Amino acid sequence: MDQSLRDAAQEGSIDALHSLVRGDPYTLDTIDKIPFVETPLRVAASAGHTQFAMEIVRLKPSLAWKLNQDSFSPMHLALQNNQTHVVCRLLDADKDLVRVQGKEGATPLHHVAQTGNLYLLGEFQKVCPMSIKDVTIRGETTLHFALNNC
């Protein structure tokens, strides 16, 4: 990702995003072709720029599933940075994002079970009840994470 796109995501500037896309209509496609990459959605989700994040999801929905080099999705990173509003909006866009397996197979649902965020735990289960069956590479479910972290 080039620096101007990173800057737009860090600032949450939708106008700058569209200016970059006008200059190169394949900007987001190019990023999407790379298997593990930092994306503007990841940057915006981490920083809590909800509107920018949702504009990226609208323009290129597949970026919501993209893992970075550390195997974290935009939702994982939003959770790690306590950006609950971004998480909820991503969930509105695609309920199955709670099932994206990141590092060691942990999903966003595993993360909320580990941190004890009861609100998000309830929301995730309400919109995607099958996610309770997702397991990590160690065979751990969200119940294991919840029990291990009281």
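Coordinate-derived values only; no laboratory data. Since this is a predicted model, take the numbers as computed values, not measurements. Ideal geometry is used to build each Cβ from the backbone, glycine not excepted, and the neighbour counts take in all protein chains shown.
May I ask you to verify whether Leu90 is crowded, with 22+ Cβ neighbours inside 10 Å, hydrophobic (A, V, I, L, M, F, W, C), at negative phi and touching a residue at least 40 places away in the same chain (Cβ under 8 Å)?
Values: crowded, with 22+ Cβ neighbours inside 10 Å: yes; hydrophobic (A, V, I, L, M, F, W, C): yes; at negative phi: yes; touching a residue at least 40 places away in the same chain (Cβ under 8 Å): yes.
Answer is yes for this residue.
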## Note on the structure
Note on Trp65: of the conditions (1) touching a helix residue (DSSP H, G or I) at 6+ places or on another chain (Cβ under 9 Å); (2) more than 24 Å from Lys103 (Cα to Cα), unmet is (2)
### Summary
Here the residues within the stretch 62-104 that are small (Gly, Ala, Ser) and touching a Gly at 6+ places or on another chain (Cβ under 9 Å) are Ser71, Ser73, Ala78
### Matching entry among Glu123, Glu104 (being charged (D, E, K, R), assigned to a helix (DSSP H, G or I), surrounded by fewer than 24 Cβ atoms within 10 Å (Cβ to Cβ) and at positive phi)
Glu104
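Any residue at all in the stretch 101-119 that is within 20 Å of Gln51 (Cβ to Cβ) and either in contact (Cβ under 8 Å) with a residue 12 or more places away in the chain or in contact with a helix residue (DSSP H, G or I) (Cβ under 8 Å, 6 or more places away or on another chain) (or both)? Walk me through it before giving the result.
In the first step, residues of the stretch 101-119 are kept if they are within 20 Å of Gln51 (Cβ to Cβ); the result is none.
Among the residues of the stretch 101-119, not one is within 20 Å of Gln51 (Cβ to Cβ) and either in contact (Cβ under 8 Å) with a residue 12 or more places away in the chain or in contact with a helix residue (DSSP H, G or I) (Cβ under 8 Å, 6 or more places away or on another chain) (or both), which makes the answer no.
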